[in-house]
Amino acid sequence: MAIFLTGSTGYLGSYLAAGLFAEHRDSLNLLVRAKSEQEARERLWQSLQLHFEFSEFRDYIATRVRIFRGDLTSERFGLPDDEYQKLVETSDSILHCAASLNRKSEKQCLNVNLRGSLEVIQLARRIQSRSGLRRYSHVSTVAVAGTRQDEVVREDESIDWARSDYDPYARTKKFCEHMVHQLLPDVPRTLFRPAIVLGDSRKPETTQFDMVQAFSVLASLPVLPLRADDRVDIVPADYVAKAVVTIHQKESAAHNTYHLSSGTGSQTYREITDALAREGLRKPVYFSSLGSPFSGTVNWLSDKKSSLGRGASLLKVFWPYLVWNTVFDNSRVVAELGGEAPAKFSTYAYPLLRFSRTNHFRYPAKPWPMEGATRSVSGSSAA
Ligand SMILES: NC(=O)c1ccc[n+]([C@@H]2O[C@H](COP(=O)([O-])OP(=O)(O)OC[C@H]3O[C@@H](n4cnc5c(N)ncnc54)[C@H](OP(=O)(O)O)[C@@H]3O)[C@@H](O)[C@H]2O)c1
C-alpha cells in the first residue's frame, strides 16, 4: 500500500517526498500535473534534485513511485476510471500538501485550495469506505488565524470565524481545515500549520524564492520601517518536513493540529539584522513610524516591471505577516519530536541570502541527464 502525496513538484512537497523516501519504506502515489509520463518524471527531477543525486532519484522513482497524472481542479483529478480506481485501491493514507499560494488571486485559491481539497477529501472517503484510511494529513498554514497583532497563538485558539483574514489564501485554507473536520470525522486526521517557511537550516540551496526575495529587499534597506523588537515566526523547511513525515507515520498522534513554527523562540528583527551585520551586511536603522509611507511606496513600486518592482510586489503581499508581531506556540510539535526545536533563522539566514542573490533568485536546475537514464527509469513502477 502507498501514501498518496500531493504537491511533490513544489517546495515543501519535495521535502515530504524526500523524507518519506529516506526515512521510511512506503511506496508513494504522487499526483503530478504533466502531459506525459516523461514530463512528470522530469518535473519530479526538477523538485527532487534539491535532495538527491540523479542515480538515487532514479532508483526511488523506479521502485517506490507510481505517478498519477492529474489535476486537483478536475473531477477525480481528471484520471481515467481505471487509474482512479487504482489510486483508491493502492492508497492507505493521504498527505495533502498541494495548494495555491497566490495571495492575490481569489479564483486560484478557490479552485485549487477549496475545490482541490474537496476532491482529495472525496478520495479519502472512498478509501475509508473501501478498506479504511490510516491517516489523512493536511498541510495548512498559521495564516488561518486571521488578522492578529502582538499575540502568541495556540493551536486551539486559531480558528475564529468572527475574525477577518488577510487574503484569499488564508480564507480558503481556513475553510479547508473546516472541510477536513466536517467531512472526515471518522478518519484519523492531522492538520499541520507551518509558519513562514524559509530555507533549510542545513544548506543554503533553495528552490523557493518569493519570501527570500522579499527579505532580500528588506535586508538591502538602510532604514527599516519595522519595530526592531517585533518577532517574526520563521521555520526552516527541513524542520517542517521532519515534523510532518514523523507525525504522519506515527501509529497515533497526541493532537490533531500542530503549529510547525518557532513559537516563542522566534527571533526579533534586531536579532536577525545583527546576525547579518556580523557577516558584513549594513546594520539598518529602525524607524517604525515610516510604516505607512513605506507601504504606500511599496504599493507604487509593485506596479513597476523591474526586479525592484518584483521584490516590492512580494513585500506587498507578505507585509501583513511581517508586521503582525504574532508567533505560534510550538510546544506540541517540539514534544512530538522529542524536544527538538527548529534552528534559529539567524544561524542560516546569511548563506540562504547569499545563495539566492548569487543565483538571481532562481535555482540553477540540472536538466534531465541522458537518454539511457530515461529508458531505465521508465522501465518499472512501484507495485
Ligand atoms: N511556503 C510557505 O512559507 C508555507 C507556509 C505555510 C504553509 N504552507 C503550505 O505548504 C504547502 C506547500 O507550499 P509550497 O510552499 O511548497 O508551495 P509550492 O512550492 O507553490 O508548491 C505547490 C504545489 O501544489 C501543486 N499544485 C498547485 N495547483 C495544483 C493543481 N491544480 N493540481 C495539482 N497540483 C497542484 C503544485 O504543482 P505544480 O508544480 O504542477 O504547480 C506544487 O507541487 C501549501 O499547502 C501551503 O499552503 C507553505
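Taken together, the values in this text are just the output of simple stated rules run on the coordinates, not laboratory data. All values derive from a computational prediction rather than experimental measurement. All Cβ positions, even for glycine, are placed from backbone atoms using ideal geometry, and neighbour counts span all protein chains on display.
Helix 116-130 and the long axis of the chain differ in direction by around 40°, with both axes built from C-alpha atoms. What the Kirkwood sum gives for the stretch 190-330 is a hydrodynamic radius of 16.5 Å, with every pair of different alpha carbons counted.
Taking amide H as placed 1.01 Å from N in the peptide plane, Thr190 has its amide H under 5 Å from the amide H of Tyr136, Ser137, His138, each at least 5 places away in sequence or on another chain.
Counting only alpha carbon atoms, the long axis of helix 237-249 and the longest principal axis of the chain meet at about 40°.
Compute the FRET efficiency between Arg362 and Ser164 as 1/(1 + (r/R0)^6), taking r as their Cβ-Cβ distance and R0 = 35 Å, and round to the nearest 0.05.
Numbers: r = 35 Å, r/R0 = 1.00.
Approximately 0.50, to the nearest 0.05.
Couplings 3J(HN,Hα) of the stretch 269-286, computed from phi: 4, 5, 4, 6, 6, 5, 5, 5, 5, 5, 8, x, 7, 5, 7, x, 9, 8 Hz, in residue order, whole Hz [Karplus 6.51 cos²θ - 1.76 cosθ + 1.60, θ = phi - 60°; x for Gly and Pro]. Springs join every pair of Cα atoms under 10 Å in this Gaussian network model of the chain, and among Leu281, Leu314, Leu12 the largest mean-square fluctuation is at Leu281. Taking a straight Cα-Cα cut-off under 21 Å and skipping sequence neighbours fewer than 8 places away in the same chain, the lysines within cross-link reach of Lys86 are Lys35.
Taking θ as phi - 60° and the Karplus parameters 6.51, -1.76 and 1.60, the scalar couplings of the stretch 147-152 work out to 5, 9, 8, 6, 10, 10 Hz in sequence order, x denoting glycine and proline. Counting 0.36 nm for each residue step from Asp150 to Ala335 and taking away their Cα separation leaves a gain of 64.1 nm.
For the stretch 1-132, the alpha-carbon coordinates run over 39, 38, 26 Å along the three principal axes, in decreasing order. Structure remark: mean-square fluctuation, Gaussian network model of the chain, C-alpha springs under 10 Å; the largest value among Ser100, Ser252, Ser346 belongs to Ser252.
Work out, in µm²/s and without decimals, the Stokes-Einstein translational diffusion coefficient of the chain at 37 °C, 0.692 mPa s, Rh from Kirkwood over C-alpha pairs. Diffusion coefficient, whole number: 152 µm²/s.
Ignoring lysines fewer than eight residues from Lys316 along the same chain, the ones with Cα atoms less than 24 angstrom from its Cα are Lys104, Lys107, Lys173, Lys174, Lys283, Lys304, Lys305. Report, in whole Å, the centroid distance computed from the Cα atoms of the stretch 31-82 and the stretch 315-329. Result: 34 Å between the Cα centres. Among Arg278, Arg171, Arg154, the largest mean-square fluctuation in a Gaussian network model of the chain, built with springs joining Cα atoms closer than 10 Å, belongs to Arg278. Our helix-only sum for the chain, with -39,500 (n - 2.57) per DSSP H run of n ≥ 4 divided by its residues, gives a mean residue ellipticity at 222 nm of -13000 deg cm²/dmol.
Taking the fewest neighbouring Cβ atoms within 10 Å as the starting point, the ordered list for Ile61, Ile272 is Ile272, Ile61.
Each residue of the stretch 223-234 is assigned a 3J(HN,Hα), and the resulting list reads 10, 9, x, 10, 8, 4, 9, 5, 9, 10, 8, 10 Hz, derived from the Karplus form 6.51 cos²θ - 1.76 cosθ + 1.60 (θ = phi - 60°), x at Gly and Pro.
Per residue, the convex hull spanned by the Cα atoms of the stretch 161-200 measures out at 91 cubic angstrom. Computed from the C-beta positions of Arg125 and Thr63 and an R0 of 25 Å, the FRET efficiency is 0.25 to the nearest 0.05.
Can you tell me the FRET efficiency between Glu279 and Gln182 if r is taken as the Cβ-Cβ distance and R0 is 56 Å, rounded to the nearest 0.05?
Values: r = 48 Å, r/R0 = 0.86.
Result of the calculation: an efficiency of 0.70.
Stretching the chain fully between Asn256 and Asn111 yields a gain of 49.6 nm (0.36 nm per residue, less the alpha carbon separation).
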